[in-house]
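Only one structure is covered here, and it is reproduced in the block below.
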Amino acid sequence: MFSTLFTRRVMRTLTNRTYASHVKPKKEGDISSVFASLSGSPSSPLPQKYLDIKRQLIQGNEDHLISSWERLLAVLEKENAIIAQKGVTIIPQIEFSDLQTNSKKFKEQVRKRGVGVVRQVIPENVARQYKRDVEDYVAANPTTKGVIPRPKIEALINAN
């Protein structure tokens, strides 16, 4: 009961046009607007205090730092070979229905790789309907930005 009421309230709130009017529009851009190294702009050096901190951290630990770096390079070389061999299959995947019974290996793989894919969370026919609904919404509202279409909200609050 609570879940249904909460869902309805969230849907009403997020699809309400007044909600969008309170949200400040974000400037559009690409990834270079977030990472200075990709922007093409000249980078400025960090303040001297950071160089001093680095020197303090390294001083007396040079041999440890070098051996640590060499160990890292050796591990990266092995991992790069594994990734090159396995390709996209390196990313662990599991069916939603198997999460409760076969999840130990999946969890270990996710910890190692930092990512995982859970398939069949939403039935295919429902997912396809979400897509059609979003496409219809965008076609009907081509200039609307900042309003989350109802199908996307339903997908986000899906019980699974």
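Points worth noting:
- Of all residue pairs spaced 6 or more apart or on separate chains, those with beta-carbon atoms under 9 Å, a first member in region 115-131 that is touching a residue at least 24 places away in the same chain (Cβ under 8 Å) and a second member that is among the small types (Gly, Ala, Ser) and surrounded by 14 or more Cβ atoms within 10 Å (Cβ to Cβ) are VAL121/ALA127; ILE122/ALA155; ALA127/ALA155; TYR130/ALA155.
- Within region 146-160, the set of residues being loosely packed, with under 13 Cβ neighbours inside 10 Å and either at pLDDT 85 or above or part of a helix (DSSP H, G or I) (or both) comprises LEU156 only.
The values are calculated or read from the model by the stated rules, or taken from the named source; none is laboratory data. No experiment lies behind these values; they were computed from the predicted model shown. Using ideal geometry, Cβ is built from the backbone for each residue, glycine included, and neighbour counts are taken over all protein chains shown.
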